[in-house]
Every structure is written in structure tokens, then in C-alpha cells.
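*Asks:* My structure is below; once you've seen it, I'll send some questions.
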Amino acid sequence: MSAIRLTTKRVEKPWGRRDLWPAFESVPAGGNPVGEIWFEVPGEKDGSTSGPELLIKYLFTSDRLSVQVHPDDATAQKQGYPRGKDEAWVVLAADPHASIAIGTLSPMTRDELRAASLDGSIEQLLDWKAVKKDDSYYTPAGTIHAIGPGLTVIEVQQNVDLTYRLYDYGSDRELHLDAGVAASNPVPYVAPYKAHAISPGREILADGPKFVLERWRESGSGTLKSDGRPIWLVPISGRGQIDGDTFEAGGVWLAEGESALTLDDGADMVVAYPKSGVIQDLWG
């Protein structure tokens, strides 16, 4: 199978923006703010249980997202979903003082988590981390988190639309306290993997358990070779070609098998594939 360019879906959110990342058209005057752009297999239906294992999104924030959590595979499957939701973020741009909350400042019981969600004190009990351009985080299912305003982020996640809101700053949106508290692991966040380079221009940001996340800043021509897993390619800047198709920021490509890949000077992209285990000779 040759690499295919995924289709885009704009998702309006009250916390979104009208002025998006340079690779995307801004929202016209009078239009609702866009918070997310999803990249989907052509013809895939939302919520499909037969879709690919991963989903790529861009996030554009002008306000705080809710304090939320995602269930693991076992919990989600008991409710009829195909999988739970580990996710990771790569920060493309951050306003001064931008932050993301990941984990709690100290361990909490589930009763304490419920009480803090009800009275709003959960906001002060989260570990709000200052973030900047090029930071990355992998958050396993069960991690309590919230994304702050002023961020442009690539999100790589297990492909399921399943979020439990624990707290939403007094808005009238639905909360999911029973399910959210049960799914939560209310402890301080410890990064499950230390990012490191394995070759000039190739950095491993995370290796599992649910997917591998890489950052490439290199150029050249060669063959993209999978070990049977599908490969998502997310160009941030620069240009190139994949199987004869122009390869540039604002798109996402899904490759299976082998694909001819050329990256011009200045190319910078995120690469992701499911399960753990780095594919050592992925391109060359």
C-alpha cells in the first residue's frame, strides 16, 4: 500500500482560536473558533471501531481546557470502546507563561479527588508545568491533565473519542465524576520515557507502551520501511515527497509497507507508530 494523505476535519471549540498555525487557513470573520484539526483515513466514520490505532490532531488554545482524564484499554473495552487513550503532545508554539497540568502535586485518594473536583480546588492541586516550543510529553491513560491557553500542539493519541471531565471551571458542560474518578491515577506525573537521539536528526520522544513518537530533523532520500506497523508522518516545516506526492506542513500521511520518501533541507516532522519498540532502520 502506498502512503495516503489523510483528510482533515475542523472541530469548533469555545477555547479554540481563529488565527491558527501558519499551515492552516484562519477562521473567516464571524466564524466560530477552531480548537482542533483531526486527520482521518479517507472514508472513515467518526467513532469507527475498525479505524486505525492512532489519531493525529492539532490543538489551538485561547483558554483553558477542562481538567480531564482518559481510561485505559481494559476500562474502555468494558464500556464497548475499542481501546483506551494514551496520548502525547509536541508543543509547536507557546505564549509566555503557557502551561499544561499533568498529574497531581501529591498523591490523592479517589475520595479526595472527587471532593476536590466538586469544590474546584482540584485546579490548585494539579502540577501546572511551564511549557515552551519543542517540549513533548507522553501521558498514559489515567493521568489527570489540563491544557492551558496560548498553545499550538500536535497531539498523538490512541484512536478513540473518550474523555471524562472532572472539572470545568464552573461551566455548564457535563462532568463525568463517577467514571472519571474511577479511571484516574491521582499521583504526581513521572515521565515514562526519557527522550534521546539515536542518530543525527532522529530523536525518540517516547517508546510505548501504546505507541512510539519520534521527531526527525533531517534531509535526504530513501525508503521508508515498516515492520508491519502503520507509520504516521506529520511534517511541521519543510517539504519533500512521499511516493511522488508533495509532502509539506499542514498534512498528515499514513504509510504501510514501503514508501519512497525524500525530505528537503530544513525538513522537520513528527513520526508515530503503534505499540512499543523503536523501528531502528525505519528510513534509509
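The values are calculated or read from the model by the stated rules, or taken from the named source; none is laboratory data. A quick note: this is a predicted structure, and the numbers were derived from the prediction, not measured. Ideal geometry is used to build each Cβ from the backbone, glycine not excepted, and the neighbour counts take in all protein chains shown.
*Asks:* Any idea which residue in region 16-35 is surrounded by the fewest Cβ atoms within 10 Å (Cβ to Cβ), counting only those that are over 17 Å from the mean Cα position of the chain (by Cα) and either of a type in the set (D, E, K, R) or not in a loop (DSSP other than H, G, I, E, B) (or both)?
*Replies:* Glu25
*Asks:* Residue check, Ile198 against (1) in a strand (DSSP E or B); (2) of a type in the set (A, V, I, L, M, F, W, C); (3) crowded, with 17+ Cβ neighbours inside 10 Å, all met but one. Which one?
*Replies:* Failing condition for Ile198: (3).
*Asks:* In the list Val67, Val11, Val91, which residue meets the criterion of being exposed (fewer than 15 other Cβ atoms within 10 Å of the Cβ), touching a strand residue (DSSP E or B) at 6+ places or on another chain (Cβ under 8 Å) and of a type in the set (Val, Ile, Thr)?
*Replies:* Going through Val67, Val11, Val91 in turn, just one is exposed (fewer than 15 other Cβ atoms within 10 Å of the Cβ), touching a strand residue (DSSP E or B) at 6+ places or on another chain (Cβ under 8 Å) and of a type in the set (Val, Ile, Thr): Val11.
So that you can scan it fast, the table gives a plain yes or no per residue for (1) in a loop (DSSP other than H, G, I, E, B); (2) closer than 22 Å to Lys275 by Cα; (3) polar (S, T, N, Q):
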site: Ala76; (1), (2), (3): no, yes, no
site: Pro82; (1), (2), (3): yes, yes, no
site: Ala93; (1), (2), (3): no, no, no
site: His97; (1), (2), (3): yes, no, no
site: Ser106; (1), (2), (3): yes, no, yes
site: Asp111; (1), (2), (3): no, no, no
site: Ala116; (1), (2), (3): no, no, no
site: Gln124; (1), (2), (3): no, no, yes
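*Asks:* Would you check if there is a residue in region 178-190 being among the acidic types (Asp, Glu), over 18 Å from the mean Cα position of the chain (by Cα) and assigned to a loop (DSSP other than H, G, I, E, B)?
*Replies:* Checked against the condition, which is being among the acidic types (Asp, Glu), over 18 Å from the mean Cα position of the chain (by Cα) and assigned to a loop (DSSP other than H, G, I, E, B), region 178-190 yields no hits at all.
*Asks:* For region 169-178, check the following and say yes or no: at least one residue is within 18 Å of Ala272 (Cβ to Cβ) and aromatic (Phe, Trp, Tyr).
*Replies:* Scanning region 169-178, I find no residue that is within 18 Å of Ala272 (Cβ to Cβ) and aromatic (Phe, Trp, Tyr), so the answer is no.
*Asks:* A further question on this structure: Among the numbered criteria (1) within 21 Å of Ala206 (Cα to Cα); (2) exposed (fewer than 14 other Cβ atoms within 10 Å of the Cβ); (3) of a type in the set (Val, Ile, Thr), which one does Thr246 miss?
*Replies:* (1)
*Asks:* Now for a separate question. What tally of residues in region 208-225 results from selecting those that are in contact with a strand residue (DSSP E or B) (Cβ under 8 Å, 6 or more places away or on another chain) and within 23 Å of Asp86 (Cα to Cα)?
*Replies:* 7
*Asks:* I'd like to verify a number: residues in region 135-171 that are free of Cβ contacts under 8 Å to residues at least 60 places away in the same chain, in contact with a strand residue (DSSP E or B) (Cβ under 7 Å, 6 or more places away or on another chain) and part of a loop (DSSP other than H, G, I, E, B), how many?
*Replies:* 1
*Asks:* Any idea how many residues of region 203-260 are part of a strand (DSSP E or B), in contact (Cβ under 8 Å) with a residue 12 or more places away in the chain and of a type in the set (Ser, Thr, Tyr)?
*Replies:* So the answer is 4.
*Asks:* Here's something else I'd like to know. Yes or no: region 43-65 includes at least one residue that is in contact with a Ser or Thr (Cβ under 6 Å, 6 or more places away or on another chain), outside the structural domain of Lys225 (by TED's automatic domain parsing) and either farther than 30 Å from Ser121 by Cα or of a type outside the set (A, V, I, L, M, F, W, C) (or both).
*Replies:* No - not one qualifying residue is present in region 43-65.
*Asks:* Something else: Do you know which residues across region 249-284 are of a type in the set (Val, Ile, Thr) and surrounded by 22 or more Cβ atoms within 10 Å (Cβ to Cβ)? Full working, then the answer.
*Replies:* So in region 249-284, the residues of a type in the set (Val, Ile, Thr) come out as 252, 262, 270-271, 278-279.
Across region 249-284, the qualifying residues are Val252, Val270, Val271.
*Asks:* Considering region 41-72 alone, what residues qualify as being more than 17 Å from the chain's Cα centre (by Cα), modelled with pLDDT of 95 or more and not small (Gly, Ala, Ser)?
*Replies:* Residue satisfying the conditions is Asp63 alone.
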